[in-house]
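Have a look at the structure below, then the notes.
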Ligand code: SAM
């Protein structure tokens, strides 16, 4: 279960929400409170959800996130609470979050060149993000991972540098294929660097061994023969994994989504604010899950001219 705690972000990544000034943020009163998120998660736990990932927008912009982490980690049946972050506030927050029960952290890192990082993310933040990753490792968050979106013509020449960085730190790096959920509409098939191309490039430099994709996992994993670091590929576009994808997403304003590309929302906020019983909330969740789309490969609108329903920051990956 991916829980977005805010749609707001202090970065403006060009493949997500570059035109920050034009975005109509979700009004504060529509954003779920920590108690509401905890209630929905408790019901989800009774239905078998065990793993939570906190995301956004930028989750570390939400004040007092430690309280939410503590609340979620203490729910019976929840085995892990992880977070995906841009890393801006991580140096300061890693310790308190670890103490609150956060397990691991995934940090988005799309370039190791300061000027390019600033161009891609809209903020001159590379040294600070790298310090955040170091701090996460120091305080013992685990796993610490790095997410990169490779975009042809923007950062695809840095794939091996990013891999080398991850190997140096002995952490896992995941390349996510560029998806057509970007704010500028720059997505097209040519800009997307398919996972297989990344594997070819990496295997020309390092001996790698496939570990496969675990059941219902989003990434297929490769290990380096020398045991340093790990490579993951998330290939929703070139090799979709919809058949056994069991991810659910809750937006900051309480909409449940059974697929990143789905256009159907299931409003949980209305339920938790209107005295609905846990049983009725559970039934609404099940209904959303049964209505999960067959898969991205069956969606005729996954094409260059598709009018995307929303930017990524509004969903949370
Ligand atoms: N703000 C946090 C961060 O930067 O990691 C969490 C939210 S962000 C939406 C989560 C992940 O989605 C990031 O790793 C980001 O790179 C990825 N992402 C955003 N837009 C994307 C797109 N159009 N295609 C693929 N991945 C995307």
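The values are calculated or read from the model by the stated rules, or taken from the named source; none is laboratory data. Predicted, not measured: the structure shown is a model, and the values here were computed from it. When we count neighbours, we look across all protein chains shown, and the Cβ atoms used for this are built from the backbone with ideal geometry, even at glycine.
Here's a check for you: in segment 116-127, which residue that is part of a helix (DSSP H, G or I) and more than 13 Å from the ligand (Cβ to nearest atom) is surrounded by the most Cβ atoms within 10 Å (Cβ to Cβ)? Give the derivation first.
So the first thing to find is which residues in segment 116-127 are part of a helix (DSSP H, G or I), and the list is 116-121, 126-127.
Narrowing further to those that are more than 13 Å from the ligand (Cβ to nearest atom): 116, 118-119, 126-127.
On the way: 116: 16, 118: 14, 119: 15, 126: 20, 127: 10.
The residue in question is 126.
Just to be sure before I move on: is residue 275 in a strand (DSSP E or B) and either more than 18 Å from residue 291 (Cα to Cα) or under 18 Å from the mean Cα position of the chain (by Cα) (or both) in the structure I sent? Step through it out loud before you land on a result.
Numbers: in a strand (DSSP E or B): no; either more than 18 Å from residue 291 (Cα to Cα) or under 18 Å from the mean Cα position of the chain (by Cα) (or both): yes.
So residue 275 does not fit the description; no.
As an exercise: evaluate residue 21 against (1) over 21 Å from residue 181 (Cβ atoms); (2) over 18 Å from the mean Cα position of the chain (by Cα) and give the number of the one condition it does not meet.
Here residue 21 meets the rest and fails (1).
State whether one or more residues within segment 171-191 are more than 23 Å from residue 15 (Cα to Cα), out of contact with any helix residue (DSSP H, G or I) (no Cβ under 6 Å at 6 or more places or on another chain), more than 15 Å from the ligand (Cβ to nearest atom) and without any contact (Cβ under 8 Å) to a residue 60 or more places away in the chain. Walk me through it before giving the result.
Initially, segment 171-191 is screened for residues more than 23 Å from residue 15 (Cα to Cα), giving 171.
After this cut, where a residue has to be out of contact with any helix residue (DSSP H, G or I) (no Cβ under 6 Å at 6 or more places or on another chain) as well, the list is 171.
Subsequent filtering for residues that are more than 15 Å from the ligand (Cβ to nearest atom) retains none.
The answer is no, given that none of the residues of segment 171-191 is more than 23 Å from residue 15 (Cα to Cα), out of contact with any helix residue (DSSP H, G or I) (no Cβ under 6 Å at 6 or more places or on another chain), more than 15 Å from the ligand (Cβ to nearest atom) and without any contact (Cβ under 8 Å) to a residue 60 or more places away in the chain.
What residue, among those in segment 128-156 that are in a strand (DSSP E or B) and within 12 Å of the ligand (Cβ to nearest atom), is farthest from residue 115 (Cα to Cα)? Working first, answer last.
Going residue by residue through segment 128-156, those that are in a strand (DSSP E or B) are 144-151.
From what's left, within 12 Å of the ligand (Cβ to nearest atom): 145-151.
Numbers: 145: 23, 146: 19, 147: 19, 148: 17, 149: 17, 150: 17, 151: 16 Å.
My answer is 145.
So in segment 192-201, with the set limited to residues that are touching a strand residue (DSSP E or B) at 6+ places or on another chain (Cβ under 8 Å), within 16 Å of the ligand (Cβ to nearest atom) and not in a loop (DSSP other than H, G, I, E, B), which one is farthest from residue 172 (Cα to Cα)? Don't jump to the end; show me each part of the working.
Taking segment 192-201 as the starting set, the residues that turn out to be touching a strand residue (DSSP E or B) at 6+ places or on another chain (Cβ under 8 Å) are 192-195, 198-199.
Now narrow it down to the ones that are within 16 Å of the ligand (Cβ to nearest atom): 192-195, 198.
Adding the requirement that they be not in a loop (DSSP other than H, G, I, E, B) leaves 192, 195, 198.
On the way: 192: 21, 195: 16, 198: 15 Å.
Looking at the filtered set, the residue picked out is 192.
Inspect all residues belonging to segment 157-168 and state whether any of them is within 15 Å of the ligand (Cβ to nearest atom), under 28 Å from residue 80 (Cβ atoms), under 19 Å from the mean Cα position of the chain (by Cα) and in a strand (DSSP E or B).
To start, the set of residues in segment 157-168 that are within 15 Å of the ligand (Cβ to nearest atom) comprises 158-159, 162, 166.
Checking which are under 28 Å from residue 80 (Cβ atoms) leaves us with 162, 166.
From what is left, the residues that are under 19 Å from the mean Cα position of the chain (by Cα) are 162, 166.
Imposing the further condition that a residue be in a strand (DSSP E or B) reduces the set to none.
No: zero hits.
Looking at segment 194-228, which of the residues that are touching a helix residue (DSSP H, G or I) at 6+ places or on another chain (Cβ under 8 Å) and modelled with pLDDT under 90 is surrounded by the fewest Cβ atoms within 10 Å (Cβ to Cβ)?
Start the filter on segment 194-228 by keeping residues that are touching a helix residue (DSSP H, G or I) at 6+ places or on another chain (Cβ under 8 Å), which leaves 198, 201-202, 205-206, 208, 215-216, 220, 222, 224, 228.
Cutting the leftovers down to modelled with pLDDT under 90 gives us 215-216.
On the way: 215: 7, 216: 11.
Across segment 194-228, the extreme among qualifying residues is 215.
Mind listing just one residue for me: the one in segment 202-214 that is closer than 30 Å to residue 141 by Cα and not in a strand (DSSP E or B) and, of those, farthest from the ligand (Cβ to nearest atom)?
207
Please verify whether segment 19-40 includes one or more residues that are outside any loop (DSSP other than H, G, I, E, B), touching a strand residue (DSSP E or B) at 6+ places or on another chain (Cβ under 7 Å) and either under 27 Å from residue 288 (Cα atoms) or within 16 Å of the ligand (Cβ to nearest atom) (or both). Steps first, please.
As a first pass, look at segment 19-40 and keep what is outside any loop (DSSP other than H, G, I, E, B): 20-22, 28-30, 34-40.
Remaining after also requiring touching a strand residue (DSSP E or B) at 6+ places or on another chain (Cβ under 7 Å): 37, 40.
Add one more test, that the residue is either under 27 Å from residue 288 (Cα atoms) or within 16 Å of the ligand (Cβ to nearest atom) (or both), and what stays is 37, 40.
So far as segment 19-40 goes, yes, one or more of its residues are outside any loop (DSSP other than H, G, I, E, B), touching a strand residue (DSSP E or B) at 6+ places or on another chain (Cβ under 7 Å) and either under 27 Å from residue 288 (Cα atoms) or within 16 Å of the ligand (Cβ to nearest atom) (or both).
For segment 33-65, which residues satisfy the criterion of being buried (at least 17 other Cβ atoms within 10 Å of the Cβ) and under 14 Å from residue 100 (Cβ atoms)?
Within segment 33-65, 34, 38, 52, 54, 59, 60, 62, 65 qualify.
Here is a check on your reading of the model: is residue 282 more than 16 Å from the ligand (Cβ to nearest atom), under 20 Å from residue 46 (Cα atoms), surrounded by 17 or more Cβ atoms within 10 Å (Cβ to Cβ) and at pLDDT 60 or above? Steps first, please.
Working: more than 16 Å from the ligand (Cβ to nearest atom): yes; under 20 Å from residue 46 (Cα atoms): yes; surrounded by 17 or more Cβ atoms within 10 Å (Cβ to Cβ): no; at pLDDT 60 or above: yes.
Answer is no for this residue.
Give the residues of segment 48-58 that are outside any strand (DSSP E or B) and either without any contact (Cβ under 8 Å) to a residue 60 or more places away in the chain or at positive phi (or both), sorted by residue number. Can you show your working first?
Taking segment 48-58 first, the residues outside any strand (DSSP E or B) are 48-50, 56-58.
Within segment 48-58, 48, 50, 57, 58 qualify.
Could you list all residues from segment 71-97 that are crowded, with 21+ Cβ neighbours inside 10 Å and assigned to a helix (DSSP H, G or I)?
Across segment 71-97, the qualifying residues are 72, 90, 93, 94, 97.
Applying the selection to segment 64-89, what residues are within 16 Å of the ligand (Cβ to nearest atom) and closer than 21 Å to residue 255 by Cα?
Scanning segment 64-89 gives 65, 68, 69, 81, 82, 83, 84, 85.
Out of (1) farther than 25 Å from residue 231 by Cα; (2) within 16 Å of the chain's Cα centre (by Cα), the odd one out for residue 108 is which?
Unmet condition: (1).
Looking at 98, 103, 92, can you tell me which residue is more than 12 Å from the ligand (Cβ to nearest atom), under 15 Å from residue 65 (Cβ atoms), at pLDDT 95 or above and within 18 Å of the chain's Cα centre (by Cα)?
Details: 98 fails: within 18 Å of the chain's Cα centre (by Cα); 92 fails: within 18 Å of the chain's Cα centre (by Cα).
After applying the criteria, what remains is 103.
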